[in-house]
Each structure stands twice: as structure tokens, then as C-alpha cells.
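Worksheet for the structure shown next.
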Amino acid sequence: MKLYTFPVAPNPTKVRLYLAEKAAAGTTIAIEEVPVDLVKGEHRSAEHRARNPFGLLPVLETDSGSHLVESLVIIDYLEELHPEPSMFGTDPESRAHARQVERIADLGVLVPLGGLVHATESPVGHPANPPVADYFRAYLPRRLDYLDSLFDDGRTFLAGDRVTVGDCTLAAALQFGRFRKIDPLGDYPRLRAWDARYREREPAKRVLVL
Ligand SMILES: N[C@@H](CCC(=O)N[C@@H](CS)C(=O)NCC(=O)O)C(=O)O
């Protein structure tokens, strides 16, 4: 299998953090990482569009040569191939909560924070768009409030006392914000403490560069 990826880009980073967490938990998944330079625009080439018609990263090329182009679907596929230890949960309810937290971290933080970066100072050349930036800025607090409130019960990670995919998603999102010096955690001490805790982990140290 091949993973087409690029450092700091949040969706590829989410998958790379997942792989690093899985490896740290004892399951090394054999995947060749292939860089596609987003800053140089390599993702817009015909070669990459043959892998992903949307011209985005990450892309997983499976052993049969097919392409998966959604980060969470890539993770789901790898989890099906390597279910142990689960990066979602051990029973239906814990899996549902872990997946819910991941969706909120993705749709509620990664997407708007990524949109804010691209609408202000896009590393891939999207035009600045102040009204879009304002929209995403206003979108973030309710989702961050919710994620911060999860720590009311003293949990260590977003979905409980073990790392799940949502931790990878949120860490990937926050790194992309740091890339453009956007820190949305100012009013969220528990999320900030989680962020510091997560970044101390070996998988995070291996993958995150900012
Ligand atoms: N929903 C997709 C989103 C993929 C995506 O937006 N990838 C970004 C990098 S994080 C990209 O390739 N951006 C290039 C561009 O916007 O030109 C996923 O979850 O993988």
C-alpha cells in the first residue's frame, strides 16, 4: 500500500498520526509514504488527479491498486485490516462516542480551522477571503466549548482514557493552525492541557513538526 501525503497538511497528518499511534500500540502497518508537494502544486497534476479527481491529499493506494481519497475512510479501511488494538473503542457504545468525537473534531475544528488558514494566508495559493475567514472564526467556539467540556469527567483523551482517532484529528488540525500562528485554544484550558499532553506522546513527536 502507498499513502500519498505531505507534512503539516491536516488530513494527511491525521492518517499519519493514526499510523504512528497504531505502531506505538504494537501494530505496524506496512505502508510506503509518497510525498506530493502541495506548495509546488503537485496535487493538481494529471498524475495525482488520476489517483484523486479532487486533487487532494491524503490518498491511499491499496494493494489492488484502487484509491481511497477520504482520510476517515482510509483509517476505517486500515482498522478493518488491522482491528487490534482498536483506535475507536472496544464495544459499540465506546466506538460510537469515539467516532462522534472524531466527527466533531473534524467537521467542527479541522475543517473550519483549515478554512480559516486558507481564507487568510493559504499555503497552496487559495485567494484571501475575509468574509469566509470571519465565518470560520465564528464557527469554531461552540465546537471547542463542547470538546473542552468533555474533560469535565477527568478523562485524559478526547474519548476517554485511551487515545482514539479523534485525538489524531484534533492534533492534526491544531498543528495546521500553528503553521499560520492561529491558536484557537486561548479560552480552553482543558483542551490546552490535552494538547500539551498529546504532543508529549512519542507518536506525536514522530509526526508533528510544529
Ligand atoms: N475530506 C478530505 C479532505 C482532503 C483535503 O482537503 N486535503 C487537503 C490537505 S489537508 C488538500 O489536499 N488541499 C489541497 C488544496 O486545497 O488545494 C479528507 O478528509 O481527506
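The values are calculated or read from the model by the stated rules, or taken from the named source; none is laboratory data. If you're wondering where the values come from, they're calculated on a predicted model, not measured in any experiment. No Cβ is skipped: glycine too gets one built from the backbone with ideal geometry, and neighbour counts run over all protein chains shown. Accessible surface is based on the protein model in full, side chains and every heavy atom, while ligands, DNA and RNA are left aside. Shrake-Rupley method; radii C 1.70, N 1.55, O 1.52, S 1.80 Å.
Between E33 and L3, the built amide H atoms are under 5 Å apart, and every one of these is 5 or more places off in sequence or on another chain. Distance between the 7 Å Cα→Cβ label points at A196 and E42: 3.7 nm. The 3J(HN,Hα) values that the Karplus relation (6.51, -1.76, 1.60; θ = phi - 60°) gives for region 176-191 are, in residue order, 5, x, 4, 3, 10, 6, 9, 10, x, 9, x, 9, 10, x, 6, 5 Hz. Gly and Pro appear as x. Here the Karplus curve 6.51 cos²θ - 1.76 cosθ + 1.60, taken at θ = phi - 60°, turns the phi angles of region 123-140 into couplings of x, 10, x, 5, x, 4, 8, x, x, 5, 4, 5, 4, 5, 4, 6, 6, 5 Hz, with x standing for Gly and Pro. For the chain, the 222 nm mean residue ellipticity estimated from helices alone, with every DSSP H stretch of n ≥ 4 adding -39500 (n - 2.57) and the total spread over all residues, rounds to -16000 deg cm²/dmol. Summarising the label geometry, the points placed 7 Å from Cα in the beta-carbon direction at V73 and A128 lie 3.6 nm from one another. Here region 86-210 has 55 percent of its accessible surface on carbon and sulfur atoms, given a 1.4 Å probe and all protein chains in place.
Within the straight-line cut-off of under 15 Å between alpha carbons, the aspartates and glutamates reachable from K181 are E121, sequence neighbours fewer than 8 places apart in one chain being disregarded. Probing with 1.4 Å while keeping every protein chain in the model, the per residue accessible area of the chain equals 48 Å². Close amide H partners of V59, meaning residues 5 or more places away or on another chain with modelled amide H under 5 Å apart, are Y4. The distance linking region 1-71 with region 119-178 is 21 Å (Cα centroid to Cα centroid, whole angstrom).
Here the Karplus curve 6.51 cos²θ - 1.76 cosθ + 1.60, taken at θ = phi - 60°, turns the phi angles of region 87-99 into couplings of 9, 10, x, 9, 8, x, 5, 5, 5, 5, 5, 5, 5 Hz, with x standing for Gly and Pro.
Given their separation in residues at 0.36 nm each and the Cα-Cα distance between them, R95 and K205 gain 37.0 nm when the chain is fully extended. Solvent exposure of R143, expressed as accessible area, is near 70 Å², computed with a probe of 1.4 Å over the protein chains only. Among DSSP beta bridges whose residues both lie in the chain, state the antiparallel percentage, nearest 5. Taking every DSSP beta bridge within the chain, about 60 percent pair in antiparallel fashion.
Using a probe of 1.4 Å, the accessible surface attributed to E84 totals some 130 Å² when neighbouring protein chains are kept in position.
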